[in-house]
Amino acid sequence: MDFQAIPIIRIFDEEKAKEFYLGFLGMTLDWEHRFDAGFPVYMQVSKGSLLFHLSEHSGDCTPGSKTFVNVADLDTLFQELASTSYGYSKPSIEQAPWGSRCFTVIDPFSNKVLFNEQKNT
């Protein structure tokens, strides 16, 4: 049995969300939906197999949440993000209490994405 969890992340401003998730994190906008003009946006962004749903709908999720993402090559991802010109996030690699290395980025809506160096077992 295979599963794929897709976090829904609460956003409050479409342009700021796109600047962070598309511009800074380098994700791709897969699709977006509105029930009608002027309604909140619901969209999917991706980078490789990583998928996020971003929602302006107030009942979908809680702002200020944290998403834990395992990555195979933490250093490459870190260098990619460090080389962008996004001025609102300057992450640093840390030694995690659970024994791996990680870094956290925080979006404009106080949601955190923790990228964790996946250990080969």
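Just a few scattered comments:
- Tyr21 meets each of the listed conditions (1) of a type in the set (Ser, Thr, Tyr); (2) outside any helix (DSSP H, G or I); (3) within 12 Å of the chain's Cα centre (by Cα) apart from (2).
- Flag: Leu29 does not match the condition of being modelled with pLDDT of 95 or more, under 14 Å from Val113 (Cβ atoms) and either assigned to a loop (DSSP other than H, G, I, E, B) or of a type outside the set (Asp, Glu) (or both).
- Test: residue in segment 29-36 that is surrounded by 15 or more Cβ atoms within 10 Å (Cβ to Cβ) and either of a type in the set (D, E, K, R) or closer than 23 Å to Ile93 by Cα (or both): no
- Taking the criterion of being among the small types (Gly, Ala, Ser), in contact (Cβ under 8 Å) with a residue 12 or more places away in the chain and either out of contact with any Asp or Glu (no Cβ under 8 Å at 6 or more places or on another chain) or farther than 16 Å from Lys112 by Cα (or both), the only residue of segment 1-25 that qualifies is Gly23.
- For segment 24-72, the candidate set comprises residues that are of a type in the set (Val, Ile, Thr) and out of contact with any His (no Cβ under 9 Å at 6 or more places or on another chain); within that set, the residue that is nearest to Ala82 (Cα to Cα) is Val71.
- Strands (runs of 3 or more DSSP E) contained in segment 43-121 and holding at least 1 residues out of contact with any helix residue (DSSP H, G or I) (no Cβ under 9 Å at 6 or more places or on another chain), modelled with pLDDT of 95 or more and surrounded by fewer than 15 Cβ atoms within 10 Å (Cβ to Cβ): 66-71, 112-117
The values are calculated or read from the model by the stated rules, or taken from the named source; none is laboratory data. These numbers were taken from a predicted model, which means no experiment stands behind them. Counting neighbours? That spans all protein chains shown, and the Cβs are built from the backbone with ideal geometry, glycine included.
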